[in-house]
Amino acid sequence: MEPQLSHEVVDSVATVVIRHPARRNAMTAAMWRALPPLLDRFAADPGVRALVLTGEGGTFCAGADITSLRETPEEPQALAVAAEEALAAFPKPTVAAVRGHCVGGGAQLAVACDLRLAEEGSLFGVTPARLGLVYPAGSTRRLASLVGPSTAKYLLFTAELIDAGRALRTGLVDEVLPQGRLEERVTELTRVLASRSLLTQAAAKEYVNGRTDRDAHWAERARGHGEAAEGITAFLERRQPRFTWSLSTTG
């Protein structure tokens, strides 16, 4: 099978699958390049309300395809950063569903997601110290903001792998599921995410990610659309709300 990113949309949730089983789903240059435009497509699609990133089979992603680093490591690193930043900036909720190894560039992608769910037995590592590479500044800051300075230094200094239990304790993942339960739990979670107000989620994501200068922008959109009225009415009527705001909505 050719290395690729496959994708599908089911019940308002887009799923992107990293497929390169011959190299434990390592990302090739073409795969790094393919991710940002794919994310742009899903961001613009009002039928997509959440996104899942996962790997084929029993591995999430073993990082960058090392053969692509042999001659010019700078270019693959730049492609990885561009893909990571596009994922971090994706304006809808994102979930990394992790099985097996989530290492190097794979960890970079998982950390760029909003939430990370892992199966028991998964392993995580940030491994540039094994290759003599300098981890990008933005990637380092994102990792440190998630797990704290001490754990970020441990991962970066040692390049050692940690198990899912330690990843959960340090905040690297949000939930650890027994084997066989990951897909079911991801479906449950994304169903909830897709049912909530995207207006709330998009504003919260910007604020949590450090962009706090858009109060007026989001207040205008809240006033111009009936999300709050629908939510309150649904609560009083004891029914599920039907939120309709999307990123293409004006007002």
- [ ] Among the residues of segment 1-49, write down those that are of a type in the set (V, I, T) and in contact (Cβ under 8 Å) with a residue 40 or more places away in the chain.
- [x] V13, I18, T28, V48
Task: Criterion: modelled with pLDDT under 95 and more than 22 Å from A137 (Cβ to Cβ) - qualifying residue of D65, D45 - done: D65
- [ ] Give the residue that is nearest to T200 (Cα to Cα), with candidates limited to residues of segment 50-71 that are surrounded by fewer than 19 Cβ atoms within 10 Å (Cβ to Cβ) and either without any contact (Cβ under 8 Å) to a residue 24 or more places away in the chain or β-branched (V, I, T) (or both).
- [x] I66
Task: For A129: the one exception among (1) surrounded by 17 or more Cβ atoms within 10 Å (Cβ to Cβ); (2) outside any strand (DSSP E or B); (3) among the hydrophobic types (A, V, I, L, M, F, W, C) - done: (1)
- [ ] Output the residues belonging to segment 1-14 that are over 13 Å from A194 (Cα atoms) and either surrounded by 18 or more Cβ atoms within 10 Å (Cβ to Cβ) or touching a strand residue (DSSP E or B) at 6+ places or on another chain (Cβ under 6 Å) (or both).
- [x] P3, Q4, L5, S6, H7, E8
- [ ] Give segment 104-116 a look and list any residue that's assigned to a strand (DSSP E or B) and surrounded by fewer than 24 Cβ atoms within 10 Å (Cβ to Cβ), or say none.
- [x] L115
- [ ] Hey, can you tell me all the residues within segment 227-251 that are exposed (fewer than 13 other Cβ atoms within 10 Å of the Cβ), on the phi < 0 side of the Ramachandran plot and at pLDDT below 85?
- [x] S248, T250
Open item on the list: I want to confirm something. Restricting to segment 91-103 and keeping residues that are of a type outside the set (A, V, I, L, M), touching a Lys or Arg at 6+ places or on another chain (Cβ under 9 Å) and more than 15 Å from L189 (Cβ to Cβ), which single residue is surrounded by the fewest Cβ atoms within 10 Å (Cβ to Cβ)?
Closed with: P91
Open item on the list: Please verify whether V186 is in the same structural domain as F90 (by TED's automatic domain parsing), assigned to a loop (DSSP other than H, G, I, E, B), surrounded by 13 or more Cβ atoms within 10 Å (Cβ to Cβ) and modelled with pLDDT of 90 or more, treating the condition exactly as stated.
Closed with: no
Open item on the list: Tell me the residue from L123, L131 that is farther than 30 Å from S248 by Cβ, modelled with pLDDT under 95 and touching a Gly at 6+ places or on another chain (Cβ under 9 Å), please.
Closed with: L131
TODO: Return yes or no: is A194 more than 16 Å from the chain's Cα centre (by Cα) and either in the same structural domain as R239 (by TED's automatic domain parsing) or in a helix (DSSP H, G or I) (or both)?
DONE: no
TODO: For L247, work out the one condition from (1) part of a loop (DSSP other than H, G, I, E, B); (2) within 30 Å of G100 (Cβ to Cβ) it doesn't fulfil.
DONE: (2)
TODO: Return yes or no: is A222 at pLDDT 85 or above and either outside any loop (DSSP other than H, G, I, E, B) or at positive phi (or both)?
DONE: no
- [ ] Inspect all residues belonging to segment 160-167 and state whether any of them is of a type in the set (D, E, K, R), assigned to a helix (DSSP H, G or I), over 22 Å from V16 (Cβ atoms) and at pLDDT 85 or above.
- [x] yes
- [ ] Restricting attention to segment 164-180, report how many residues are hydrophobic (A, V, I, L, M, F, W, C) and surrounded by fewer than 18 Cβ atoms within 10 Å (Cβ to Cβ).
- [x] 1
TODO: Check segment 144-158 and report whether any residue there is of a type in the set (A, V, I, L, M), outside any helix (DSSP H, G or I) and within 30 Å of E8 (Cβ to Cβ).
DONE: no
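The values are calculated or read from the model by the stated rules, or taken from the named source; none is laboratory data. Keep in mind that this is a model prediction, so the values were computed, not measured. Cβ: placed from backbone, ideal geometry, glycine included. Neighbour counts: every protein chain shown.
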